[in-house]
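Worksheet for the structure shown next.
Laboratory data are not the source of any read-out in this text; all were calculated from the coordinates shown. Values in this document were obtained by computation on a predicted structure and should not be read as measured data. Please note: Cβ atoms are built from the backbone with ideal geometry, for glycine as well, and neighbour counts cover all protein chains shown.
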Amino acid sequence: MKLKQHPFIFLSSLLILVLVSFLFALSTGSSHLPSQTILSLVDGTASPIQQSLVFELRLPRALAAFAAGALLSIAGVLMQVLLKNPLADPYVLGVSGGSALAALLAMLMGVNTFWLTGSAFLGALLSISLVFSFAHSNGSWSISRLLLTGIILASGWGALISFVLVISPPEKIHGMLFWLMGDLSYDRPLLPSYIILFFGFLFSLSISRQLNILLWGDQQAGSLGIDIKRLRTSIFFISSLLTAGAITLAGSIGFVGLVIPHLVRLIIGTDHRLLIPASALTGGALLIIADTLARTVLAPQQLPVGVLTALIGVPLFLYLLRKSQ
């Protein structure tokens, strides 16, 4: 039985995977909670300590991990269509660099979590605006121009980030490095990122047929009545906003937006009507599992979740690359 011919079974399996990953995150930690205890939280028979442990610590972190993974995965799908490059990921246009620089400056000033999140999002929006304005400086639009602008801007952000790290006091370096490598331990507001995920997901599904046609080439898509320039502009802004939402929630986490679309595409094909929801579910589940391992493998010391995603993503991507060849 081929999953490409039975997408409902595949999507149902992914939903089960998401539920299992949530159960794994809620039950695993310094204090192990069996599945019976997790189920007792529903009817309120669990102890106040267990309820506080789950609802105040583990569940918000798992929800943040799912949102970040889903945001990055959908952004990865869109970026790979936009740039016609299977190696494109959500960070290729420098959005993460602008967000990281703004967040590090906020940390340097000692602001609270709300302003840290807001600063990271504003930095991402600034980077999006700069890339878009420079790529359209003469009214022209091309993939190579957009990609080159993003790479140059990302290099500039990287230099400024290094400068900020050098001048920062030693007691703040640890938190800054954790954020740069991906960190879900902060108590960040979930609602903004879920709003971005909801509308970004709906918009991506609404243009999924156009994305399928765009894979045939610009000339073919144009002959079928698709406004190529408008579509690419929409993809650019939506994928950048999705990336910004993930960065403000979890910091810079690599490989999720690169590997997950590849993995799902090999299983169910290139139909974006299925690829987008499947990638969102897979990326969310993967990041929940990775974050749970990051906080438990070396407990009581926690690892940046970006380290775990890199350790998982590098061999997986090499395997996918070899299989695709």
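Show me the helices of the chain, taken as full DSSP H stretches, that run 24 Å or more along their long axis by Cα and average 1.6 or above in Kyte-Doolittle hydropathy.
Qualifying helices, which must be both long enough and hydrophobic enough, are 7-27, 59-82, 113-135, 143-167.
Among Trp115, Trp157, Trp179, which one shows the highest mean-square fluctuation when the chain is modelled as a Gaussian network with alpha-carbon springs under 10 Å?
Among Trp115, Trp157, Trp179, the largest mean-square fluctuation in the Gaussian network model of the chain belongs to Trp115.
Decide, for the stretch 14-79, between rounded, prolate and oblate: order the square roots of the alpha carbon gyration tensor eigenvalues as a ≥ b ≥ c, take rounded if a/c falls under 1.5, and otherwise choose prolate if a/b is larger than b/c, else oblate.
Prolate is the answer for the stretch 14-79, as a/c is 1.5 or above and a/b outweighs b/c.
Assign unit charges at the C-beta atoms only (+1 for Lys and Arg, -1 for Asp and Glu), then state the dipole size of the chain relative to its Cα centre in Debye, rounded to the nearest 20.
It comes to approximately 800 debye.
Say we join alpha carbon atoms closer than 10 Å with springs in a Gaussian network model of the chain; which of Tyr194, Tyr91, Tyr186 then has the biggest fluctuation?
Among Tyr194, Tyr91, Tyr186, the largest GNM mean-square fluctuation belongs to Tyr186.
Note the listed values (i) 21.9; (ii) 18.3; (iii) 15.9, then indicate which one is mean projected area of the Cα convex hull in nm² calculated from this particular structure.
(ii)
Which one, Val18, Val166, Val92, has the greatest fluctuation when you compute a Gaussian network model over the chain with C-alpha springs under 10 angstrom?
Val166
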